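K.L.:
This is the structure I have questions about; it appears just below.
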Amino acid sequence: MKILGIETSCDETAAAVVEDGTKILSNEIASQIEIHARYGGIVPEVASRQHILAIIPILEQAMAKAKVSWHDLDGIAVTMGPGLAGSLLVGVSVAKALALAQQLPLIGVNHLEAHIYANWLSGDQPLFPLICLIVSGGHSDLVLMRNHLDYVLLGRTRDDAAGEAFDKAARILGLGYPGGPAIEKAAREGIASIKLPRAWLKGTNDFSFSGLKTALLRLAEGDKVSTVADAAASFQEAVIDVLVTKTVAIAKEHRVKQILLAGGVAANKPLRRRLRESSDIPVLVPEPILCTDNAAMVAAGGYFRFQAGKTSGLDLDVVPGLKLA
C-alpha cells in the first residue's frame, strides 16, 4: 500500500511516498531556512507564501522519484496540526483538492504523531509499550504509547520547548538561526564549565527551560561568559541532562520495552548518544533527516491511521493547536 504524504506545518514544504508505512520510496523537502535566517526566526506570512510557491514542484518531484502515478497511490496523508495556521492551510487545501480529483482517501495526521512514526522508517520496528520523547521547536512531550494510535501524555513543557530554548540561546550568544544546530556546532569547541540551573520540577514529568534561558541571558549581559563555545556547551548539557534523566526515569517506572526519540531536536548528536548510554532499555532514534520536518513521517503515520479505518472527509480543517493526547 502506497501513501502520499504532505507536510507544511511550519517552514518546510515536503512531499513523500511511503509503502506499507515503513519503506520510503521518496522524501522530498524544500527548506526555507535561508529565507527566515535573516529575520532570526520564522515569519508566518512569509512561510505560507513560500509553501504556495513550492508545493506543486515538490509534489511532482516526490512522485517522479518514487516512480508512481496517481493510480498507484492508495491514499493521501497530510499534516492538519499543530503548526502555523497559514502554512497548514496550504498543505491541507492541496491534499483535499488532490483527494477529490483523484478519488483517493484523505487522511489527516497529527504532526506530533507523524514525528513518532518516523521511528517506523529506520529499519527496526518499535515494540509496545514504549515511551517516546518528542522534542522540537514547539514541543517537549513524554508520551506513553501502548499500541498504534494509543497515546497517554505523561509530561510536557510548561514554557519554552527544548527547540525554542536552543533558538533563544543561540540568539543570546549571537550564533544565528536555526539555534539547535548552531548551539551543537559551537559546543563542540567548548567545555560545559559554566554552572547553569536545571528545573527538575520534582513530583512531575514536566519540563521547563525558560529559567535556564534567562540564566544564560543574565550571564551574557554581565559579561560572565568565558567563551561562546563554553556557554553553548554548558547550555546544551543542561537541556540534555534534564531531558535524558526524566525520560529514562519514566521509562523504568512504566516498564516499557523501548524508548523512542522524535522531533527536530532528536537530530542533536549528544542527546542521541547520552540517551543510549544512560538507558538499559533499548533506544530507537530516526535518521537525522527523519527527525526534522518531512513528509515521509506523515505518510507513515497516515498508513497506520488508514489501516485502523481512520480517514478524513473533505471538510477536514486545520487545527493549529491540535493535541496528541
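Read the figures in this text as sums done on the coordinates, not as results from a lab. Everything numeric here is computed off the predicted structure, so don't read it as measured data. In this analysis, Cβ positions are derived from the backbone assuming ideal geometry, glycine residues included, and neighbour counts consider all displayed protein chains.
K.L.:
Residue separation times 0.36 nm, minus the C-alpha to C-alpha distance between Ala97 and Ala220: what's the value?
P.N.:
39.2 nm
K.L.:
Sorted from largest down, give the three principal axis spans of the alpha carbons of the chain, whole angstrom values.
P.N.:
62, 46, 30
K.L.:
Shifting gears a bit: Which entries of Lys65/Lys323; Lys2/Lys269; Lys202/Lys323; Lys67/Lys185 show an alpha-carbon separation above 30 angstrom in the structure shown?
P.N.:
The answer is Lys65/Lys323; Lys2/Lys269; Lys67/Lys185.
K.L.:
What dipole magnitude, in Debye to the nearest 20, does the chain give about its Cα centre under +1 on Lys/Arg Cβ and -1 on Asp/Glu Cβ?
P.N.:
Dipole magnitude for the chain comes out near 740 debye.
K.L.:
In what sequence do His36, His111 fall when counting other Cβ within 10 Å, fewest first?
P.N.:
Fewest-to-most Cβ neighbours within 10 Å comes out as His36, His111.
K.L.:
Give me the angle, in degrees from 0 to 90, between the Cα long axis of helix 210-221 and the longest principal axis of the Cα atoms of the chain, rounded to the nearest 10.
P.N.:
50 degrees
K.L.:
At 0.36 nm per residue, and after removing the present C-alpha to C-alpha distance, how many nm does the segment from Lys252 to Ala85 gain when stretched out fully?
P.N.:
Roughly 56.4 nm would be gained on extension.
K.L.:
Loop-only trypsin sites (Lys or Arg not before Pro) in region 118-197, please: DSSP not H, G, I, E or B, and at most 15 other Cβ atoms within 10 Å.
P.N.:
The qualifying sites are Arg158, Arg188, Lys195.
K.L.:
I would also like to ask the following. Lys/Arg Cβ at +1, Asp/Glu Cβ at -1, dipole of the chain taken about the Cα centre: which of His36, Leu4, Leu271 is farthest positive-ward?
P.N.:
Selected residue: Leu271.
K.L.:
While we're here: Tabulate in residue order the Karplus-calculated ³J(HN,Hα) for region 270-283, using 6.51 cos²θ - 1.76 cosθ + 1.60 with θ = phi - 60°, rounded to whole Hz; enter x for Gly and Pro.
P.N.:
x, 5, 4, 5, 5, 5, 5, 6, 8, 10, 7, 8, x, 10
K.L.:
Moving on to the next point. Hey, what angle do you get for helix 162-172 against the long axis of the chain, alpha-carbon based, 0 to 90 degrees rounded to 10?
P.N.:
The answer is roughly 60 degrees.
K.L.:
Moving on to the next point. Select from Val225, Thr247, Gln258 the residue farthest towards the positive end of the dipole of region 222-265; place +1 on Cβ of Lys and Arg, -1 on Cβ of Asp and Glu, and compute about the Cα centre.
P.N.:
Comparing the listed Cα positions along the dipole, Gln258 ranks first.
K.L.:
Then there's this: Taking the DSSP beta bridges in the chain as the whole, what percent of them are antiparallel, to the nearest 5?
P.N.:
60 percent
K.L.:
Right, another one. Taking the Cα centre of region 126-285 as origin and charging only Cβ (+1 Lys, Arg; -1 Asp, Glu), how large is the dipole, in debye to the nearest 20?
P.N.:
Here the size comes out at about 300 debye.
K.L.:
Mind jotting down a quarter of the surface of the convex hull over the alpha carbons of region 126-223, in square nanometres, one decimal?
P.N.:
7.8 nm²
K.L.:
Further, regarding this structure: For a footprinting-style exposure proxy, rank Tyr117, Tyr177, Tyr39 by other Cβ within 10 Å, fewest first.
P.N.:
Tyr39, Tyr177, Tyr117
K.L.:
Go ahead and run the numbers for FRET between Arg198 and His71, Cβ-Cβ distance against an R0 of 56 Å, rounding to 0.05.
P.N.:
E between Arg198 and His71, to the nearest 0.05, is 0.55.
K.L.:
For the chain, modelled as a GNM with alpha-carbon contacts under 10 angstrom, which of Leu173, Leu275, Leu201 fluctuates the most?
P.N.:
Of Leu173, Leu275, Leu201, the most mobile in the Gaussian network model is Leu201.
K.L.:
Report the gain in length on full extension from Arg273 to Asn205: 0.36 nm times residue separation, minus Cα-Cα distance, nm rounded to one decimal.
P.N.:
22.3 nm
K.L.:
Need one word for region 31-103: rounded, prolate or oblate. Basis is the Cα gyration tensor (sqrt eigenvalues a ≥ b ≥ c); a/c below 1.5 gives rounded, then a/b vs b/c decides.
P.N.:
Here region 31-103 falls in the prolate category.
K.L.:
Farthest toward the dipole's positive end in region 1-156, which of Asn27, Leu144, Ala47, given Cβ charges of +1 (Lys, Arg) and -1 (Asp, Glu) about the Cα centre?
P.N.:
My answer, from the dipole projection, is Ala47.
K.L.:
What are the trypsin sites (Lys or Arg not before Pro) within region 218-290 that DSSP puts in a loop, where the Cβ has at most 11 other Cβ atoms within 10 Å?
P.N.:
Taking region 218-290 and a limit of 11 other Cβ atoms within 10 Å, the loop trypsin sites (Lys or Arg not before Pro) found are Lys224, Arg255.
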